[in-house]
Amino acid sequence: MKELVNGLYPTLLQADAKAPPAIRRAPGQGQVVDPTTFQTIEVDKLFDSVNHATTHLGQATLYRSLAQPLASPELIRAKQDSVRELAADPALRQGLEALVGEAKALERDFFDLLFGSFIGLLGAPAHEREIEGYGYASYLKGTRFLVNLADRAARLPTPGSDYLRILVDDLRDFAQSRAYALAKGPVYRTERGIATRAEKKWYTPAIRFRPSLFKPVALTLTVVLLFLALEFAPLLLQMAASVAPMFWLFLLPLGFLYIPIVGAFDRDGCIYPLRDSLRKSEAVHNVLDSLGKLDELLSFIRFKEAFGHPMTLPEVVEGDRHVLALTGVRNPVLAKYNPDYVPNDIDLGSERLTFITGPNSGGKTAFCKTLAQTQLLAQIGGYVPAERARLTVADHIYYQVPEISHLADGEGRFGTELRRTKDIFLAASPRSLVIMDELSEGTTHEEKIEISMDILEGFRLKGNSTILITHNHELVDRFRERGIGLARQVEFQNEQPTYRLVEGVSRVSHADRVARKIGFAKEDIARYLSGQA
């Protein structure tokens, strides 16, 4: 389990990094969610809703999870067990909250230490990472950030769930690393670079680094020499007194040079080499990831507490085909802080095809995005916005919407859309969730029905869960006549949507209502033409 937990993603911080990890990163070709689906289902808005992480690292971890959701049921259940334990154990949660809160207070200083340029006392910062001074403050706070992680983790009770225990142990074990010894100090400057106390032999010439311009050893040595001079060389002092004006003339410039000389030596000879060692340390990379994952777990619980509607950890079941059964599901973005948001039920277990029909602005698209976002939340190990949820892990989540063709496509709107559909079809498996908003746009009505029939039949035979949002009730009727598919329509009462999903096929579009709502119905056009607008 430890290898599975720690080896799933590349660490947030890499040895060649030039800046702190970005929170929002452009999604790559993820295993579960491709970049087009990522944009279509509005994962950025989902992140904003779910994100209750305290630290920068926790937020970056949560975003990474949404961009690359888990495909392992074992790991999803392990994260769920950790969330349950934290929710049921106030002492453990309070201890982790304190650890994460303390990390938040010092996190910026840590990244300043790793990536800052310390420009001395006379320079003016030109950008965010240029910092006045020689780096003493960033060194003290940045190293304390690392030391506190291990020290606070050592005082936590040992968690019972595997995933949570591995993360806490990662923080505790950091105390055994060289990076921890460097951060805790003392640090020595030797001819071979910086060294810890254990690395410095008693006979090795070295300078102990003290993160301050005040150097007590040097000052003490100066006082001792003066004392010896007073005791054993009074004549020498009398000679020095006779040339005192000239002596002070030379001493004053040396005093002004003391600060930049000592500060630059400490910065270039100790602070920079130490921070380079920390930045390249695998132990540091791993402990930062573990902190981010712990903060992510706490964020799940805070999201549940803030959501305002029932939430649950879904039952993750094994199966060769995709299953998604939700009771009282709400949209995780739109329903937050909205007490009137209408819940719905859906069960995709028995049918491979589901048709969602209904007039415009009735909630079809919002509901289907709810399904995709709920599946995604389930696969990062967190709560989903439903009263009950049962599902399998989807190997792919696809969401297709009508695409606008580009001049270079050479195939028009229909060809552009069909190419995307083909790519989804070839990549999908029986364990995939595929949602499509209309099909075969940009062709005649008759061709649209025939081609859509062929495509949907192909998906049905493949065996994945396929959901089609459509106004084409004739297409739905063709499948229903064969006893194929689940038909749901959005409900309207008095020409107003209730946002409930009910059984049946809608045969109206209410386009006139929408036209009137935006002021472009027949009578509006006549009024504009007559100049009465």
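The values are calculated or read from the model by the stated rules, or taken from the named source; none is laboratory data. Note that the coordinates shown come from a computational prediction; the quantities given were computed from them, not determined experimentally. Methodologically, a virtual Cβ is constructed for each residue, glycine included, from the backbone with ideal geometry; neighbour enumeration extends over all protein chains shown.
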With respect to PHE111, is the statement that it is at pLDDT 95 or above, within 20 Å of LEU371 (Cβ to Cβ), assigned by TED's automatic domain parsing to the domain that holds SER290 and in a helix (DSSP H, G or I) true?
-> no
Select, from LEU46, LEU13, the only residue that is crowded, with 19+ Cβ neighbours inside 10 Å, assigned to a loop (DSSP other than H, G, I, E, B) and touching a residue at least 60 places away in the same chain (Cβ under 8 Å).
-> LEU13
Could you tell me whether any residue of region 183-190 is assigned to a loop (DSSP other than H, G, I, E, B), surrounded by fewer than 17 Cβ atoms within 10 Å (Cβ to Cβ) and modelled with pLDDT under 95?
-> yes
Inside region 64-80, can you point out the residues that are crowded, with 18+ Cβ neighbours inside 10 Å and in contact with a helix residue (DSSP H, G or I) (Cβ under 8 Å, 6 or more places away or on another chain)?
-> SER65, LEU66, ALA67, PRO69, LEU70, LEU75, ILE76, ALA78, LYS79
Has region 125-137 got at least one residue that is under 22 Å from the mean Cα position of the chain (by Cα), in a helix (DSSP H, G or I) and under 20 Å from PRO20 (Cβ atoms)?
-> no
So which pairs qualify, if the first residue must be in region 521-533 and free of Cβ contacts under 8 Å to residues at least 60 places away in the same chain and assigned to a loop (DSSP other than H, G, I, E, B), the second must be surrounded by 13 or more Cβ atoms within 10 Å (Cβ to Cβ) and among the small types (Gly, Ala, Ser), the Cβ gap must be under 9 Å, and the two must be at least 6 apart or on different chains?
-> ALA521/ALA515
Would you confirm whether any residue within region 334-343 is in contact with a helix residue (DSSP H, G or I) (Cβ under 8 Å, 6 or more places away or on another chain) and within 27 Å of PRO430 (Cβ to Cβ)?
-> no
For GLY483, all conditions in the list (1) closer than 30 Å to TYR341 by Cα; (2) among the small types (Gly, Ala, Ser); (3) modelled with pLDDT of 80 or more hold save one; what is the number of the exception?
-> (1)
Given (1) assigned to a loop (DSSP other than H, G, I, E, B); (2) farther than 29 Å from GLU85 by Cα; (3) of a type outside the set (A, V, I, L, M, F, W, C), number of the condition THR354 does not satisfy = (1)
Which residues, counting only those in region 46-70, are over 13 Å from THR11 (Cα atoms) and among the polar types (S, T, N, Q)?
-> SER49, ASN51, THR54, THR55, GLN59, GLN68
State the number of residues belonging to region 458-473 that are loosely packed, with under 15 Cβ neighbours inside 10 Å and farther than 15 Å from MET436 by Cα.
-> 1
Could you list, in sequence order, all residues of region 145-198 that are in contact with a strand residue (DSSP E or B) (Cβ under 6 Å, 6 or more places away or on another chain) and free of Cβ contacts under 8 Å to residues at least 24 places away in the same chain?
-> ALA181, PRO186, TYR188, THR190, ALA195
Residue check for GLY269: closer than 30 Å to ILE131 by Cα and either assigned to a loop (DSSP other than H, G, I, E, B) or touching a helix residue (DSSP H, G or I) at 6+ places or on another chain (Cβ under 7 Å) (or both) = no
From GLU441, GLU503, which residue is at pLDDT below 95, charged (D, E, K, R) and touching an Asp or Glu at 6+ places or on another chain (Cβ under 9 Å)?
-> GLU441
Picking from GLY362, GLY349, GLY319, GLY263, the residue that is farther than 30 Å from SER506 by Cβ, part of a loop (DSSP other than H, G, I, E, B), out of contact with any Cys (no Cβ under 8 Å at 6 or more places or on another chain) and not β-branched (Val, Ile, Thr) would be GLY319
Taking the condition crowded, with 19+ Cβ neighbours inside 10 Å and either part of a loop (DSSP other than H, G, I, E, B) or not aliphatic (A, V, I, L, M) (or both), does THR61 pass?
-> yes
